[in-house]
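One structure is given below, encoded as structure tokens.
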Amino acid sequence: MQVFDGHNDILLRIHLDETGQAFRQFLEGGSDAHIDLEKARAGGLAGGLFAVFPPSPWRGSDGTPDPMRRAPFDLPLPAPLAHPFGLDSTVSMISILLRLERESGGRLTVCRTVAEIEAAMASGRLAAMLHIEGAEAIDAELKTLDVLHAAGLRSIGMVWSRHNHFGHGVPMRFPSTPDTGPGLTEAGRRLVKRCNELGILLDLSHLNEGGFWEVAELSDAPLVATHSNVHRLCTVSRNLTDRQLDAVARSRGLVGLNFATAFLREDGHMDADTPLDTMRRHLDAMLEHLGEGGVALGSDFDGATIPKAIGSAAGLPRLLEHLSQAGYGDALLERIAWRNWMDVLRRTFREPSTAAAQ
């Protein structure tokens with residue numbers, strides 16, 4: 001079964017590698033990354049939102065904040081990034097994605113519409129849609145937004161936990177509520193409205209609860225958290241409360257299951273020895289609140305410690321098989337694996353379905 005995934009950080013991994021080896025290994029295989037073209041084909045990963053994250057200097061060599069390996073944890077967030085640094089690193093990672101497309105021999109294509117995603121998936125090409133996680137590349141007047149949209153940007157997480165001139169994110173804290181302070185700034189409210197106008201998805205996954213409710217009030221698009229889990233099952237600040245999940249449901253939005261073990265486990269531990277049943281419990285709870293049309297996958301591949309039972313994109317069939325054995329029918333699995341993403345993206349972009357277009 002094909003999978004469209006709501007979040008990966010492979011571009012950051014390639015960006016941080018000064019040798020160029022990670023770039024070649026994505027194309028040729030043989031890496032220890034969660035995603036490369038070989039692993040994607042082996043696991044049925046047919047597409048996803050490819051995140052651009054302007055990095056902070058305190059991150060570990062694998063991109064994971066070292067203090068998060070212990071629980072409880074309360075990780076001090078880094079200082080806000082200056083706009084020039086955010087823009088430079090963002091453009092660098094967009095360039096990486098465009099170069100991967102050129103050098104992939106037709107195996108990867110950058111998509112700007114749902115129709116393009118579906119065409120790529122049907123032809124066996126990996127469909128990559130550009131997403132920004134932390135909008136430090138965008139100026140407060142939003143001039144950069146128009147340029148990035150023209151380059152293919154279709155999804156934005158306006159903050160990555162550290163605050164910026166658009167709003168405040170949640171800290172990396174366990175246990176904690178996501179209600180951790182002020183929400184959007186005036187520039188953030190302008191960004192919400194402009195994204196609605198352009199048909200850009202607004203990702204709520206790192207935004208704090210105050211900002212979440214402001215987006216819910218301002219936005220006329222479905223509410224989407226691309227890679228978050230259920231707070232009552234794992235009380236880390238990054239997860240969504242039942243009330244937030246119900247708000248997503250009312251908007252006919254979507255939540256993508258995050259594979260990060262620190263956001264799955266009741267003890268908040270970053271431990272690869274996490275059973276697949278832990279993931280299923282979060283999916284069960286999401287289905288309870290969101291219904292069958294509101295649940296998808298948002299792995300956080302190459303940005304988190306994930307269960308070793310999956311291991312990489314090549315292991316995605318093991319998760320789907322586990323869910324099948326637990327009673328998830330084929331139609332539901334297909335919705336979770338990719339159809340729900342197509343539906344919410346199409347409604348966000350205000351794009352007619354293929355059938356309607358014909």
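The values are calculated or read from the model by the stated rules, or taken from the named source; none is laboratory data. All figures in this text were calculated on a predicted structure; none of them were measured in a lab. Cβ sites come from the backbone with ideal geometry, for glycine too, and all protein chains shown count toward neighbours. What goes into the accessible areas is simple: the full protein's heavy atoms, side chains included, and nothing from ligands, DNA or RNA. Shrake-Rupley method; radii C 1.70, N 1.55, O 1.52, S 1.80 Å.
Ignoring aspartates and glutamates fewer than eight residues from Lys39 along the same chain, the ones with Cα atoms less than 17 angstrom from its Cα are Asp5, Asp9, Glu28, Glu101, Asp300, Asp302.
Taking the mean number of other Cβ atoms within 10 Å as a proxy for protection, how do you rank 342-353, 251-262, 232-243 from highest to lowest?
Details: 342-353: 18.3, 251-262: 25.7, 232-243: 19.9.
The packing order, highest mean first, is 251-262, 232-243, 342-353.
Cross-link partners for Lys193 among the lysines, with Cα-Cα distance under 22 Å and sequence neighbours closer than 8 places in the same chain left out: Lys143.
Tell me the per residue accessible area of the chain using a 1.4 Å probe; a whole number in Å² is fine. Can you show the working numbers first?
Details: 13210 Å² over 358 residues.
That works out to 37 Å² per residue.
Once you have a ≥ b ≥ c as the square roots of the Cα gyration tensor eigenvalues for region 177-289, tell me rounded if a/c is under 1.5, and otherwise prolate or oblate according to whether a/b is larger than b/c. Prolate shape, in that a/c is at least 1.5 and a/b is the bigger ratio. Remark: region 1-62 carries a charge dipole of roughly 100 debye about the Cα centre, counting +1 on each Lys and Arg Cβ and -1 on each Asp and Glu Cβ. The accessible surface of the chain, taken with every protein chain in place and a 1.4 Å probe, is 51 percent carbon and sulfur.
Each Lys and Arg contributes +1 and each Asp and Glu -1, all at the Cβ; summed about the Cα centre of region 267-339, the dipole is approximately 160 debye.
Quick check: residue separation of Ala309 and His83 times 0.36 nm, minus the Cα distance between them. What number comes out in nm? List each step's numbers first, then the result.
Values: separation 226, 0.36 × 226 = 81.36 nm, distance 3.96 nm.
Between Ala309 and His83, full extension yields an extra 77.4 nm.
Please say if the chain is rounded, prolate or oblate, where rounded means a/c under 1.5 for a ≥ b ≥ c the square roots of the C-alpha gyration tensor eigenvalues, and otherwise the choice is prolate for a/b larger than b/c and oblate otherwise? Note, shape of the chain comes out rounded. Among rounded, prolate and oblate, which fits region 81-129 when a ≥ b ≥ c are the square roots of the eigenvalues of its C-alpha gyration tensor, a/c under 1.5 means rounded, and a/b larger than b/c means prolate? Oblate is the answer for region 81-129, as a/c is 1.5 or above yet b/c matches or exceeds a/b. Calculate one ³J(HN,Hα) per residue across region 258-270 by plugging θ = phi - 60° into the Karplus curve 6.51 cos²θ - 1.76 cosθ + 1.60, and present them in order as whole Hz with x for glycine and proline. Listing the rounded values in order: 7, 7, 4, 5, 5, 9, 10, 7, 4, 8, x, 6, 8 Hz.
Highest mobility in the GNM of the chain, judged by mean-square fluctuation with C-alpha springs under 10 Å and restricted to Leu264, Leu191, Leu87, is found for Leu87.
With contacts taken as Cα pairs under 8 Å and at least 6 residues apart, the chain reaches a relative contact order of 20 percent.
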